1. Over region 347-424, what is the relative contact order in percent, taking alpha-carbon pairs closer than 8 angstrom and at least six residues apart?
2. Given a 1.4 Å probe and heavy atoms of the protein chains only, how would you sort H417, H668, largest accessible area at the top?
3. Just list whichever of K195/K243; K127/K195; K340/K631; K495/K709 have alpha carbons separated by over 23 Å in the model shown.
4. How would region 255-378 be classified by its alpha-carbon gyration tensor: rounded, prolate or oblate, with rounded meaning a/c under 1.5 and the a/b versus b/c comparison settling the rest?
5. Quick one: length gained pulling A281 to S266 fully straight, 0.36 nm per residue minus the C-alpha distance?
6. To the nearest Å, what is the center-to-center distance of region 617-640 and region 545-562, using C-alpha atoms only?
7. Please give me, ordered by residue number, the trypsin sites (Lys or Arg not before Pro) of region 282-389 that lie in loop per DSSP and have at most 13 other Cβ atoms within 10 Å.
8. Under 11 Å from a point 7 Å along the Cα-to-Cβ line of K195: which residues of region 218-240 have their amide N that close?
Amino acid sequence: MQSLLNPQGNEPDPELEKPQSPLWSAMKRFPFRDPDFRDRREAAQAGFLMLVLASAVFGVMMTLVLVYCINIPQMAELERYRPNTTTELYDIHGNVFGSFAIERRVVVPYSDIPPVLREAILSIEDKNFESSGGINPIRLVGAAYEDLHSKGKAQGGSTLTMQLARNLFLSSEKTWGRKLQEIYLTLQIERHFTKQQIFTLYANQIYMGHGTYGFEAASEYYFSKHAKELTLPEAALLAALPKGAEYYSPVRNPERALRRRNLVLSEMQNDGKITAEEADAARAAPLGLRLEAPANSEAPYFVEEVRRQLERDYGVEEAHGAGLRVYTTLDLDLQRVANKAVLDGTATYERRHGWKGHLQNVLAQGDDYKHPDWTQPIVVGAYFHALVTEVDAEKMVVRIGMQSATMGPGDWQWTTHTKATDLATLGDIVYVRVTEAGPGGVKVALEQDSGAQASMMAMDNSNGEVLAMVGGRDFALSQFNRATQAQRQVGSSFKPYVYTAALESGMKVTDTVLDTPTTFQTPSGPYTPHDYERGSFNGSMTLINAFAESRNIPALRLADKVGIKKVIDVAHQFGVTSNLPPFLPIAIGAADMTLYEQVGAYAAFPNDGIRIEPHFIRRVVTPDGAPLQQKAPEMHEAVSLDIARQMMILLEAVIQHGTAARAAAMNHAFGGKTGTTNNYTDAWFIGFSPSITCGTWIGFDNRQSLGEKETGAEAALPMWMDFMKVAIADRPDEQFAKPNAPKKQLEVQQATEGVTPPIIVKPFTPEEAYEDDTQKEPSTPAPNKPANNDSALPPNGVPRPKPIVIQPSAAPPPPPQKPKTVTIPQ
């Protein structure tokens, strides 16, 4: 037989003639031996090619794994990661009043995550978290099957650790490569960290909607409480959010959130974490939201000044994401008083000028309309822009956010209109003041917002700390800070620099000056000024009376005598940085300055001539309590002790018998100066007690007139009085220094070296005459347009710092440091 022949010839094959074993008999039946199969050598080649192909596929897969994972962070880096945490601002009493962040997060340790919340999270997100190695093969296979049989990628099957890996290091793109990276990182995390550490990282990292990250921040936002205080239904609601924080948002989609919360409760019941009775009771409970008040709502303009300084000194990422603790100079109690004083003062001004109407109508926007100030909490005394939803002769129904209120004739009596239909129509936006707010509903009274603005700033004389600041009526509508950014003509509030220059030239407060008609020869031609009341001149007056009554002619005579350049030099000594051109009308206030400059300058008078730069920050520390570098506030002697105390005689006379005499009824040691510009476009009052200097301003951004007789004493002084009567309530016996008393000692916070923000000087075009008390017609000034708004949080394009910390710091705020006493030599 051919098959038994040796391939080399016809001799029998000796191997085939041997007795055959069972194994060999089986091999003979293998297809390779089948005469119908291809040649054995071809089969061997095919097997070799299959082996090479399998090796190549394996090599490609391993290469892909290396390519996708080569740039993945090592676990040693994770131990050094810190999360984006919220920068918090503290007032002088240790109260948190403001914050800002790239990601709003409050890091807490494992012990602060209550068992009910942990069990809710694990029941809905990863039942086998404690026993698994971080990857659930069954869920992964199921998710892969769904991906292969769907047009898109569902990307399901993630365990809690996989979610953590994705949130920490990876993008949200849905690709197989990203999934490989996720699996690799998950295995590394499980290998390097304990389950408690992994859960803590997850609980502090996951996005929870509305800009909040982590369960502690979410608990504070949705329920205004700490996570460790959560009830079962509250914990279940928070556990429902990681799957889709915006999709299941209880604020935007309450019904959807309720269904998801109840699913969490069912899963907890199935896992034996809660009983059927507990589950039923929790499912019957409402969502129970108590949304946290918006951040920075009580001192928004102050917060913005702090934010700008932090960004200048430390950079955007550090200021917004490093979890800094910023101990500011703000007194939150006084800030609330300042807020009320400004809002009430402008409302009083508006009522004084009657109902003007000209309301915005948003009827076309329907139910979609939302006013920017509706994000603020509705409390008694607050002011809002409200939408008119119903109106007839006897009533007006308005809406503020989700709250409705009904007004009757008594709520708009000041307008002198008897019918509501004479005031507003359906869809109009009216301005209202909240008179009652509680479980029984909201009641409001009609006010008016014709565009008048006001600002206020108060500082501690002894150390330059800014205690309160209001930059406008409504931060939601305008972030332009009229206390620090608006340069407005100051009127007679400039005169203290004129009289200081006169005293430095050798004059005494008892010397006389003429208040008679005169014409001054100036480089631009003859200049004939007038006093506040045209045709009224007092003849020879002492400097005390001329200053107290704010007479223009005496101030101009003094400035002309000592030289306007000398007056400007004195103003600069007091810290005024605005451009002051050397023209004589500057002496009666034809100059643009900020309220910030004026308050800082005036505080030097009760400080015995020492000027301290107003500042907003005491110190800044990291989350671990390490102080960051800072520069101490600038201090210098603006004027000698003798001149300062002579000026105090003049400034006190303004209160005792001058233009601000109504403040004398407060029976306290006060000094100050009124100021009003030509045509009543700006009204000022800057005044002080021995301990606090406060300045107020009121006007329109477009520099339209406030109205006839709206002087500093009429429009600005009442706001100052409302603030100061509270500010000095606990200091009833304070007095200014007596003529022969030792020089005052100042308490100034010492700080480390750092960076002080520069002051931007606005170019100035001189106008021709003004004042509190002048009627000379100047050329029409250009509107003082607000500067570009620099208040928004960093855009999304700001690089995000690496997020997460293994051992979160939860140390309490350190106690306020007692300032050191620094004596300024004479």
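1. 26
2. Largest accessible area first, the list is H417, H668.
3. Those over the limit are K340/K631.
4. Note, shape of region 255-378 comes out oblate.
5. Fully extending the segment from A281 to S266 adds 4.2 nm.
6. Each part reduced to its Cα centre gives a spacing of 39 Å.
7. R290, K356, K370
8. none
The values are calculated or read from the model by the stated rules, or taken from the named source; none is laboratory data. Model, not experiment: these values are computed from the prediction. Glycine gets a Cβ as well: all are built from the backbone with ideal geometry, and neighbour counts include every protein chain shown. What goes into the accessible areas is simple: the full protein's heavy atoms, side chains included, and nothing from ligands, DNA or RNA. Shrake-Rupley method; radii C 1.70, N 1.55, O 1.52, S 1.80 Å.
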